[in-house]
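Taken together, the values in this text are just the output of simple stated rules run on the coordinates, not laboratory data. Predicted, not measured: the structure shown is a model, and the values here were computed from it. In this analysis, Cβ positions are derived from the backbone assuming ideal geometry, glycine residues included, and neighbour counts consider all displayed protein chains.
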Amino acid sequence: MTTGTAGYASTAVNPAVPVPYRIVDRRADTHDTVTIELAAVTTTLPPFQPGQFAMLTAYGIGDVPISLSARRDDRLVHTIRAVGAVTRALHDARPGEVVGVRGPFGTTWDVGSATGRDVIVVGGGIGLAPLRPVVEHVLSRPGSYRRVAVLAGARSPAELLFTDDLRRWTGPAQVEVIVDRPDQGWDGPVGLVTSLIPEVDVDPADAVAFVCGPEPMMRFTARALVGHGVPAEQIRVSLERGMRCGTGWCGHCQLGPLLICRDGPVVPYPVAEPLLNVREL
């Protein structure tokens with residue numbers, strides 16, 4: 001895994017100063033979640049890699065860490081769920097408005113480690129967003145990877161993200177979707193995403209798994225994957241702990257020995273396992 005802050009060594013961009021980006025597209029994914037596409041107003045930031053995050057600034061309100069949810073040339077695509085003042089402001093912003101961006105920060109999904117192997121992607125809720133570039137990368141290179149399984153969980157059908165993508169991925173990948181609370185029209189499985197793992201058509205011993213979602217979900221998913229035969233060292237998870245500076249300077253996101261903005265968010269499961277039970281202060 002590599003870190004994104006190294007990209008600043010060859011640029012004049014100050015990682016502590018937001019760069020203006022204009023919203024050029026906005027799509028409502030659910031009642032409280034949108035995907036926005038950003039284009040540089042003047043300065044273009046170094047390229048982002050899957051798994052890395054940006055600090056997005058709603059001017060006059062604050063900033064928040066948001067992972068990349070798609071790669072489109074020199075534009076940035078982020079999926080945002082409105083859960084606080086900053087994310088609400090970003091959610092409500094419209095095309096033409098300008099936001100601040102700092103980044104890229106953090107480690108990447110090391111998709112190269114899965115070359116020649118089976119791939120398992122498990123996303124819970126908004127956690128599917130940082131995994132979307134992984135799926136797109138793997139499916140765009142069918143000769144480089146073997147079987148691909150995508151498992152997506154949501155609280156309800158109305159809160160399921162990227163439904164068009166899930167349909168498009170079906171066929172090239174095994175796609176399984178589950179919800180906690182079905183509505184009247186839902187005819188799919190109901191329960192936890194961990195219950196889908198036994199249905200995955202891959203060779204567990206030669207698979208690499210990428211997992212993102214709420215920490216309890218990641219904890220139980222990783223355990224279920226290990227129980228199904230996936231080696232722990234072949235599982236990657238994405239941690240989150242109140243990132244502020246993005247460079248490890250402020251220490252606000254320290255979790256055990258890690259500074260999540262610098263040493264994460266993507267870490268091997270053996271590194272994350274003893275930390276997933278640690279509460280945020």
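Quick one: which residues, 5+ away or cross-chain, put their amide H under 5 Å from the amide H of Ser156? H built at 1.01 Å from N.
Answer set, sorted by chain and number: Asp180, Arg181.
Using the Karplus curve 6.51 cos²θ - 1.76 cosθ + 1.60 with θ = phi - 60°, what ³J(HN,Hα) values do you get for each residue of segment 131-138, in whole Hz, with x for Gly and Pro?
8, 3, x, 5, 4, 4, 4, 5
Would you report the distance distribution of C-alpha pairs in the chain as whole percents per 10 angstrom bin, up to the bin with the largest distance?
7, 30, 37, 22, 4, 0
Where q = 0.14, 0.20, 0.22, 0.23 Å⁻¹, what log10 of I(q)/I(0) comes from the Debye formula for segment 161-281, counting one point per Cα?
-0.72, -1.14, -1.23, -1.28
Return the sequence-ordered ³J(HN,Hα) values of segment 165-181 in whole Hz as given by the Karplus equation 6.51 cos²θ - 1.76 cosθ + 1.60 applied to θ = phi - 60°, using x for Gly and Pro.
5, 4, 5, 5, 6, 5, x, x, 10, 7, 10, 10, 10, 9, 10, 7, 10
Taking the Cα centre of segment 4-105 as origin, sum charge times position over the Cβ atoms of Lys and Arg (+1) and Asp and Glu (-1), and report the length of that vector in debye to the nearest 20. Before the final figure, lay out the partial values.
Working: 10 positive and 9 negative charges, 6 e Å.
Its charge dipole is roughly 40 debye.
Going by a 4.7 Å Cβ-Cβ cut-off, which cysteines of the chain have no partner at all?
So, Cys212, Cys253, Cys261.
Sequence gap at least 6, Cα distance under 8 Å: using those rules, report the relative contact order of segment 40-136 to the nearest whole percent.
On the way: 142 pairs, mean separation 34.0, N = 97.
Worked out over segment 40-136, it gives 35 percent.
Take the Cα coordinates of segment 75-148, assign each an equal point scatterer, and use the Debye formula without solvent to give log10 I(q)/I(0) at q = 0.13, 0.16, 0.21 Å⁻¹.
So the normalised log intensities are -0.55, -0.75, -1.02.
What is the chain's relative contact order, in percent, from Cα pairs under 8 angstrom and six or more apart in sequence? Walk me through the numbers on the way to the answer.
On the way: 625 pairs, mean separation 49.5, N = 281.
Relative contact order of the chain: 18 percent.
Which three numbers, in whole Å and largest first, are the semi-axes of the equivalent ellipsoid of segment 4-105 derived from its Cα gyration tensor as √(5λ)?
On the way: eigenvalues 89, 37, 31 Å².
Taking √(5λ) for each eigenvalue gives 21, 14, 13 Å, largest first.
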